[in-house]
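For reference, the structure is listed below as structure tokens.
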Amino acid sequence: MTIKRTGSILGAIVVLAIGVSLWLSVDQSSESTSLLVQNPTPVLKPAPANSSTPVLLPPRDVHPENDISIEAYFARFGGIAAVDLKSKKIREGVAAEIREEMVGTQVTWNGYVDRIADASSGEVTLVLKMTNGPAGLDTVLIRFPAALHDQLHAYENGHHVRVVAVYDKIMTLFPLLRGKSVERISAG
């Protein structure tokens, strides 16, 4: 029993590592944005605490808000019931629900920083965990524009943050979001 359980955990960790590395290397600039409505006013975002100049992001997309919390998301769409252990992917029925209910919606999720990584496209990826501890299947990948590079790199593992992002898609097991803003809640 212990060997099977350890093997499943190791398999999940390997899938997490592969998913993160594949996603970090993908340049998403070629993705279609034809269904997005543009907001004509720029969005003002606060700069890091050690800077007095706010960061001005370009106009962003407008998306319907989804009030599901990160905890409710993983309770509903995550966990062993949602994963096909043979393919190590989300079951098609669950994936269809995610596409129908989540993709294209804006969420505000609180979580803990696992790490920050620079993408080849110049964007910055925040790996967000639902709980403060080792990363597992409750992990979200959020890509932010390069304008927030310095702010994001000021965060450390374990910092408690609030993220506003648009749910783009699910890859393997992990939600992939497009970040709009991030703020620190506490040290974690």
Open item on the list: Suppose we keep only residues that are in contact with a helix residue (DSSP H, G or I) (Cβ under 6 Å, 6 or more places away or on another chain) and part of a helix (DSSP H, G or I) within region 78-134. Which one would you say is modelled with the lowest pLDDT?
Closed with: Ala82
Task: Selection count, region 156-169, where residues are under 20 Å from Ser121 (Cβ atoms) and either touching a Ser or Thr at 6+ places or on another chain (Cβ under 8 Å) or crowded, with 19+ Cβ neighbours inside 10 Å (or both) - done: 4
TODO: Only residues that are more than 18 Å from Ile90 (Cβ to Cβ) and of a type in the set (Val, Ile, Thr): list them for region 143-177, please.
DONE: Val161, Val163, Val164, Val166
Open item on the list: Going through Ile142, Ile185 one at a time, which residue ends up being surrounded by fewer than 16 Cβ atoms within 10 Å (Cβ to Cβ), among the β-branched types (Val, Ile, Thr) and in a strand (DSSP E or B)?
Closed with: Ile185
Open item on the list: Restricting to region 78-114, name every residue that is buried (at least 16 other Cβ atoms within 10 Å of the Cβ) and free of Cβ contacts under 8 Å to residues at least 60 places away in the same chain.
Closed with: Ala82, Val94, Thr108, Trp109, Gly111, Asp114
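The values are calculated or read from the model by the stated rules, or taken from the named source; none is laboratory data. Values in this document were obtained by computation on a predicted structure and should not be read as measured data. Cβ coordinates were reconstructed from backbone atoms using ideal geometry, including for glycine residues, and neighbour counts include every protein chain displayed.
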